[in-house]
1. Dividing the Cα radius of gyration by the Kirkwood radius, what Rg/Rh value follows for the range A:112-186?
2. Each residue of the range A:39-49 in turn: what ³J(HN,Hα) in whole Hz from Karplus with 6.51, -1.76, 1.60 and θ = phi - 60°, glycine and Pro shown as x?
3. Amide H neighbours of B:SER74 under 5 Å, at least 5 residues apart or on other chains, H built in the peptide plane: list them.
4. Provide Rg and Dmax in Å for the range B:25-143, with only Cα atoms included in the calculation.
5. In whole angstrom, note down how far apart the Cα centers of the range A:147-169 and the range B:36-109 are.
6. Ignore the peptide's own chain and count Cβ atoms of other chains within 10 Å of each Cβ in A:180-186; give me the average, rounded.
7. At the nearest 100 Å², what buried accessible area, both sides summed, do you get for B and A when the probe is 1.4 Å?
8. Taking 0.36 nm per residue of separation and subtracting the Cα-Cα distance, what length does fully extending A:GLU161 through A:GLN133 add?
Amino acid sequence: MKAIRFLARRSSRPTNVRFSSTQNFYSLFPKTFNNNTKPFNFDVRELRNEFIKLQSQHHPDHAPQNEKEQYEERSSTLNKAYSCLKDPLLRAEHLLQLAGYSLKGDQAEHTDISDQEFYMTILDIHEAVEEAQTEKDLEPIITANNDRIKSLISKLTDAFESEDYNTAKDLTVKLRYWKNLERTLREWGPGKPIMFTH
Amino acid sequence: MLRSIRLTSQAWPSPVVPMIRSYHQKVLDHYQKPRNVGTLDKTDINVGTGLVGAPACGDVMRLQIRVDENGKISEAKFKTFGCGSAIASSSYLTELVQGMSLDDAGRIKNTVIAKELSLPPVKLHCSMLAEDAIKSAINDYQSKRLKAGKAPTLGPQASTPSSTTVSSGGASS
């Protein structure tokens, strides 16, 4: 029975993803997040320490023979939870999902007229990146983007604290666009075409 | 299959039709050598600009069309910052709409793009983004004409047909 469940979990990725997206990742790290809290802003180093500790406690290599599967499952869940929570964008998405707000799926199509200016800005900046000749040209763009991301994260902290999920959702979508730019900037090379991978 | 999709557009220019390659190569081809990348003057009364984004993945797409006096799309340009499928979708779209009436272009479904490029289910939203972009460009063109006091040549807001236009629905060949 257990073996079947394990195999099923392993072989069907979509189910896997769905399963993990409804689980509260915060609850796996009771030391960092005591009293069932789900803060958006916290000390990532503390989380990392607890993650390493938990992983070594439940390392599959040290599992008793009959509990190997549970250990493996737990270890993989911890990996997923940690990589989600340490990243501001994934963390925001996770918090929204826990609150019943989804950002995935076919919501890609709605475009608000009020977004036009926002899209224009993004397009302009990406074009500037494309036209950059040297890394020096990128510096002001990188600085501006880091500031933008920092300010979004601080606004997200407020939104989640006041449980204003609609605002949090808007901010998270914006953060996604700027994170794409951040990656573009990181992977930039002279004359290299810009293409996202996701 | 492929041919039948293409033939739905009467105005499709013929050069690229015999293409017996795998679909995957077509996507590759479009995003490695994207067609019609660029900008049209967005203040031009004959130009419509569509600017759309995909909240689910953070892609941004700009599609511009130039409409001639017969209400047909004479030129299309795009700029997309997104994944390979989004780039390929918009690149293919600029070829597809070439020579189309606005009515026909407005009726393009994302499934046509997805089929042509053989997009996997997780990338369907890229073709939806392209469909949104052409609709948004047509809207922009038409509202711009309305504001300027010129009736749009075709479409729901079209006034009584003038000598150079045909009434909507009767898109002539």
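The values are calculated or read from the model by the stated rules, or taken from the named source; none is laboratory data. Everything numeric here is computed off the predicted structure, so don't read it as measured data. Neighbour counts run over all protein chains shown; Cβ positions are idealised from the backbone, glycine included. Just so you know, the surface numbers come from the protein's heavy atoms only, side chains and all, with ligands and any DNA or RNA stripped out. Shrake-Rupley method; radii C 1.70, N 1.55, O 1.52, S 1.80 Å.
1. Rg divided by Rh gives 1.03.
2. After applying 6.51 cos²θ - 1.76 cosθ + 1.60, I find x, 7, 9, 7, 7, 5, 5, 5, 4, 4, 4 Hz.
3. B:ARG66, B:VAL67, B:ASP68, B:GLY99
4. So, for the range B:25-143, Rg and Dmax equal 13.0, 39 Å respectively.
5. 34 Å
6. Across the residues of A:180-186, the mean count of other-chain Cβ atoms within 10 Å is 2.
7. Summed over both sides, the interface buries about 2200 Å².
8. Length gained between A:GLU161 and A:GLN133: 5.8 nm.
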